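What follows is a set of notes on a single structure, which appears directly below.
Coordinate-derived values only; no laboratory data. All values derive from a computational prediction rather than experimental measurement. Cβ sites come from the backbone with ideal geometry, for glycine too, and all protein chains shown count toward neighbours.
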Amino acid sequence: MSTGLILKLESRERPAAQVSFAREYEETLHDVRSILTDLCEKLAEAPRIRFVISFLGESWQTDVGTDLPVVLEQLPDLKVGGTKPFVLDLYEQGLERSLHFVPLGEVIEVYCQSRRREWNPPAGVARLSRGQVRSTLLELLEQFAEMAGAIGPTLVQHPWFVDWHGRATRAISEP
């Protein structure tokens, strides 16, 4: 099996606690994406935290403040244990590509598709076990939750965040 897909947060130091970092959210104007974006923007202020995406050996330029929340908001929709293909859409300007996951028994094939004419994705398919896909996504989820808890402890207790985290964990973990 190839290790052709990397999605992770790298940190050389734990983010400093910012107890004062809290915000009110209105249900008519916001949803969990607002919380995820606020937390990611705060994490982006720490110069030693990076969001890493690599596919078939090609590392992509990513940003903690814009690209990470795009991935995070989609985690509850990634049914790793299912039989239907699923997509991680990296729609933000600059990346503008998608990773397509095609389950084939206990193997998931991953390929990339670009929306930009001036960039071609790496040719080929990453063949990963379901376990590899699960562990990659769960590790990203837990890395984020831990860092988010350090900078916004009240935000990770917000009902929207708690619900999002539970749905993401179930979507990735369930057979």
message: Can you work out the Karplus-derived ³J(HN,Hα) for every residue in region 133-138? Use 6.51 cos²θ - 1.76 cosθ + 1.60 with θ = phi - 60°, whole Hz, and x for glycine or proline.
response: 5, 4, 5, 4, 6, 5
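Would you work out the charge dipole size for region 77-155 about its Cα centre, treating the Cβ of every Lys and Arg as +1 and the Cβ of every Asp and Glu as -1, and quote it to the nearest 20 debye?
Here the size comes out at about 320 debye.
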- prompt: Under 11 Å from the 7 Å Cα→Cβ point of Val102, by amide nitrogen: which residues of region 125-143?
  reply: 125-126
message: Give me the net charge for the shell around Val102: Cβ to Cβ below 11 angstrom, other residues only, Lys and Arg +1, Asp and Glu -1.
response: +1
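Placing unit charges on C-beta atoms (Lys and Arg positive, Asp and Glu negative, everything else neutral), compute the dipole magnitude of the chain about its Cα centre in debye, rounded to 20.
Details: 19 positive and 25 negative charges, 114 e Å.
Charge dipole, the chain, about its Cα centre: 540 debye, nearest 20.
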- request: Multiply the residue separation of Glu142 and Arg167 by 0.36 nm, subtract the distance between their alpha-carbon atoms, and state the gained length in nm to one decimal.
  value: 7.7 nm
- line: With the charge dipole of the chain built from beta-carbon charges (+1 for Lys and Arg, -1 for Asp and Glu) about the Cα centre, the Cα from Phe144, His100, Leu75 projecting farthest to the positive end belongs to His100
- request: Give the Rg (one decimal place) followed by the Dmax (whole number) of the chain, computed from C-alpha coordinates and expressed in Å.
  value: 16.2, 48
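Sorted by average packing, counted as other Cβ atoms within 10 angstrom per residue and highest first, what order do 116-129, 78-91 take? All intermediate terms of the calculation are to be shown ahead of the outcome.
On the way: 116-129: 13.0, 78-91: 15.4.
The packing order, highest mean first, is 78-91, 116-129.
Give, as a single signed number, the net charge of other residues whose beta carbon lies under 14 Å from the beta carbon of Ala44, with Lys and Arg counted +1 and Asp and Glu -1.
Values: positive: Lys42, Arg48, Arg50; negative: Glu10, Asp38, Glu41, Glu45, Asp63, Asp67, Glu92.
With Lys, Arg at +1 and Asp, Glu at -1, the neighbours total -4.
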- prompt: With labels modelled as points extended 7 Å from the Cα through the Cβ direction, what inter-label distance (nm, one decimal) is found for Glu174 paired with Gln113?
  reply: 2.5 nm
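Among 97-106, 163-172, 67-76, how do they line up by average Cβ neighbours within 10 Å per residue, starting with the highest? Walk me through the intermediate numbers first.
Values: 97-106: 15.2, 163-172: 17.1, 67-76: 21.9.
Those peptides, ordered most packed to least, come out 67-76, 163-172, 97-106.
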message: Please list 3J(HN,Hα) in residue order for region 144-158, calculated via the Karplus relation 6.51 cos²θ - 1.76 cosθ + 1.60 where θ = phi - 60°; whole Hz, with x for glycine and proline.
response: 5, 4, 5, 5, 5, x, 6, 9, x, x, 6, 5, 6, 9, 4
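Checking the a/c ratio against 1.5 first, then a/b against b/c, what shape does the Cα gyration tensor give for region 27-85? Intermediate values should be presented prior to the final figure.
Values: a/c = 3.07, a/b = 1.05, b/c = 2.92.
Oblate shape, in that a/c is at least 1.5 and b/c is the bigger or equal ratio.
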